[in-house]
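Below is one structure; the comments refer to it alone.
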Amino acid sequence: MVKVVVIMDRLDQTNKKKDTSLALMAEARRRFSQVAYACADTVSLYRGDIIADVDWVIPSVDVNIEHKILSSEPMQNLADFDVVLLRKDPPFDLKYLYLTQLLEMLTFKNVKVINDPAAVRSANEKLFALHFPQWCPETVVTSSVKEISRFRQFAGNIILKPLDAMGGYGVLKVLQADQNLNVMVELLSNGGIVPIMAQKFIPEVTQGDKRILMIHGKAYPHGLLRVPAEGEFRGNLAAGGRGVGSELTRREQEMCEDIGPTLLKKGLCFVGLDVIGGFLTEINVTSPTCARELDTLYATSIPRLFWDGIATDKIPIAIDPCF
């Protein structure tokens, strides 16, 4: 009997209409019967074991139906599970860092942890994209106002981003003539202490920021173009963006084919690429979303494709996930 546990934020605070983690959990329940949820805050080390407070659950993706808790088990040994699905949202702070270090210990006990916690820890969602500079816009990472000011002189309009947030939080657009650059950098960098990212502004963002899901190293064949709300430049759904289905361009296909093998090698099985105007801006590895929107648009089941490609001693790969 295959046992799956999903490590995430509080289950009762998820959005049943949109949450990708719920959909992955529901498909695991349909397929394996035994699915549990554990709040990330309860993961601990106790006498050499990695434990958490676990609820065995029948998850619901229907807003009219409540989640059903079958039973609760405090201090459950996570090594007793076959698959641990890490789906905690950022910010990637010290708590998140320690969580990945604790869950990494499970991998030494033949537990399949997805995404691989060591890879999640090393693949900062902003910085990891820079491992593939041929696909990225002009970028600098620094805490120096002077360096960012110099960058803006030749880049023109730029975007400033904190390195540990999500959903467009803290992202600022700075025009070339804006006199508030110093203040913006000071605020985001905590007075010049914390490095931040500055990127050349991509005007095509007004047409949308495309999310491409990478499942076991291969691109799902449709993207979700997140079109900014009126008066906004951020396309993130959390910032009010509107999701529109979009086919992958030839450049995007080549990008995915280039990046996919690296993701697979690192154990990053479920990843979201953010692409604007053909440029890679982020690689989301913690809890990538948009599966629900894509499934609605294209009448597919991304969770089914995901679980089809999971292999453990008890779960042979059902299909070659080539889509």
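Counting protein heavy atoms only, the range 24-108 has 52 percent of its accessible area on carbon and sulfur, 1.4 angstrom probe.
The alpha-carbon of Lys173 sits under 26 angstrom from the alpha-carbons of these lysines, leaving out residues fewer than 8 places away in its chain: Lys126, Lys146, Lys161, Lys200, Lys210. When the trypsin sites (Lys or Arg not before Pro) in the range 88-140 are filtered for DSSP coil states and for at most 13 other beta-carbon atoms within 10 Å of their beta-carbon, the remaining sites are Lys109. One Cα centroid belongs to the range 148-191, the other to the range 48-119; the line between them spans 35 Å.
Take the chain with all the other protein chains still there, run a 1.4 Å probe, and you get 46 Å² of accessible area per residue. Ranking Ser287, Ile302, Val111 by how far each Cα lies toward the positive end of the dipole of the chain (charges on Cβ) leaves Ile302 at the top.
When Phe279, Phe128 are compared by accessible surface with a 1.4 Å probe, the order from highest to lowest is Phe279, Phe128. Applying a DSSP loop filter and a limit of 15 other Cβ atoms within 10 Å to the trypsin sites (Lys or Arg not before Pro) in the range 210-316 leaves Lys314. With θ taken as phi - 60° and the Karplus curve 6.51 cos²θ - 1.76 cosθ + 1.60 applied, the whole-hertz 3J(HN,Hα) list for the range 272-289 is x, 8, 10, 10, 10, x, x, 10, 6, 10, 8, 10, 8, 10, 7, 8, x, 10 Hz, x standing for glycine and proline. Relative contact order of the chain, taken over Cα pairs closer than 8 Å and 6 or more residues apart, is 17 percent. Binning all Cα-Cα separations of the chain at 10 Å, short to long from zero, yields these whole-percent fractions: 6, 26, 33, 23, 10, 2, 0.
Qualifying trypsin sites (Lys or Arg not before Pro) in the range 1-60, where qualification requires a DSSP coil assignment and no more than 14 other C-beta atoms within 10 Å, comprise Arg10, Lys17, Arg47.
Listed by chain and number, the aspartates and glutamates whose C-alpha is less than 19 Å from the C-alpha of Lys95, apart from same-chain residues fewer than 8 away, are Asp9, Asp41, Asp49, Asp53, Glu104, Asp116, Glu125, Asp164. From its DSSP helices (H runs of at least four residues, each -39,500 (n - 2.57)), the chain gives a residue-normalised ellipticity at 222 nm of -8000 deg cm²/dmol.
For the range 143-186, give the percent of accessible area contributed by carbon and sulfur heavy atoms, probe 1.4 Å, rounded to a whole number.
50 percent
The values are calculated or read from the model by the stated rules, or taken from the named source; none is laboratory data. Because the structure is a prediction, the values reported are computed rather than measured. Backbone-built Cβ (ideal geometry, glycine too); neighbour counts: all protein chains shown. Note: accessible area is taken over every heavy atom of the protein model, side chains too, but ligands, DNA and RNA are not part of it. Shrake-Rupley method; radii C 1.70, N 1.55, O 1.52, S 1.80 Å.
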